[in-house]
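Here's the structure we're looking at; comments come further down.
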Amino acid sequence: MIKKKDQNNQTSYPGNDWNIPRLYTFISELMDNITCAVAIYGAIDNGENFIFKAFNKKAQQIENTKEEDILGKKVTDIFPGVIELGLFDVLKRVWKTGKPETHPISFYKDDKLAGWRENVVYKLDSGDIMAIYTDMTKQKQIETDLIEANKNLREMVYITSHDLQSPLISIEGYASELVENYSNILDENGLYCLNRLKSNTQRMHALIISLLDISRLNTQKFIFESFDSESMINSIKEDLGIMLENSGAELIFSKVPTLFGDKNRLTVVFRQLIANALLYGGKHIIVGHSNDTWFVKDDGIGIPRDQLDRIFNPGERLKQNDAEGSGMGLTFCKTVIARHNGKIWAESEGIGKGSTFYFTIKI
């Protein structure tokens, strides 16, 4: 209901004290100045078709037509694509039931027009049907452009990362050759520089592998299935056997439930968290589960509170340790867990007090 204030600031309604011409002018001005497109249809053939009774300025602008050219004409003659769009069925249902309906963003196309539209349809007291709609074409184009840009970026990261591996492997190989066969020729500083070159090359190679792994998260389909988490952890324990033995650490777990998710990627998450615990001084590493939350707990060097959130950012590494790493492992974990509708976080009481990584998996 349209309201107005009288000279005493009292609310009144058009029709109570407005004459018909004045009311008609008010509604016409409202229709022409509203920022949404508005179309009013009259039912014919017992609601099997509709004719145009009003078409505001915004609608004329969007559809590149004039109101006087379509008034009294069938909607299916003016916009034949309305049937395929699905809006025509909405008009008929709303006319029969009187219940408003929203027709979601859909693509309209005919010989003259093409674009995305979102409609809300009402039945008026007069029995006519009113559709208020918005042209979403620009927004959809922006979304399409962003999707394409992200796709191109992922492809570029993948191709670049893949191509960078060959020269890095070559540099690493030559550096190893020099260290192994020519170390007696080099002085202490030369040998140090060569070892640093080899170490940094290995780290860059690991970083590129991590980038490839992350790029594959968006290009390769996730396969969700149930699998035995105990067997998975035992497999990881076997893979990390040398690290566990050399560091004198132990991996402890018991009564872990069946997991449902992408087995290959979740295996990488568990392996990454357990390997991190080893790299950062953990001697007693516990993998466990409580309610909906998994955790990997260690008694290693711990994490300062100001680094707890940052360690999940790309390239971030814990500053209290010289352990080798790409700084992308936890980023990979965060991305995988997010794709399982879960979250991951770390807790620590500080340096020397160990840390615990928690994550949830909700499919």
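Laboratory data are not the source of any read-out in this text; all were calculated from the coordinates shown. Remember, it's a predicted structure, so these values are computed and weren't measured experimentally. Cβ placement follows ideal geometry from the backbone for every residue including glycine, while neighbour counts extend to all protein chains displayed.
Structural remarks
- Checking the cross-link pairs 198/263; 237/263; 112/138; 198/221 against a 28 Å limit on the alpha carbon distance flags 198/263; 198/221 as lying beyond it.
- FRET efficiency, 1/(1 + (r/R0)^6) with R0 41 Å, evaluated for residue 146 and residue 76 via beta carbons: 0.70
- Each label point was placed 7 Å from the Cα along the Cα-to-Cβ direction; for residue 83 and residue 360 their separation is 5.0 nm.
- Filter on 99/123; 58/99; 283/353; 58/92; 255/353; 53/92 - keep pairs with C-alpha separation over 19 Å: 58/99; 58/92; 255/353
- For segment 98-155: rounded, prolate or oblate by the Cα gyration tensor [a/c cutoff 1.5]: prolate
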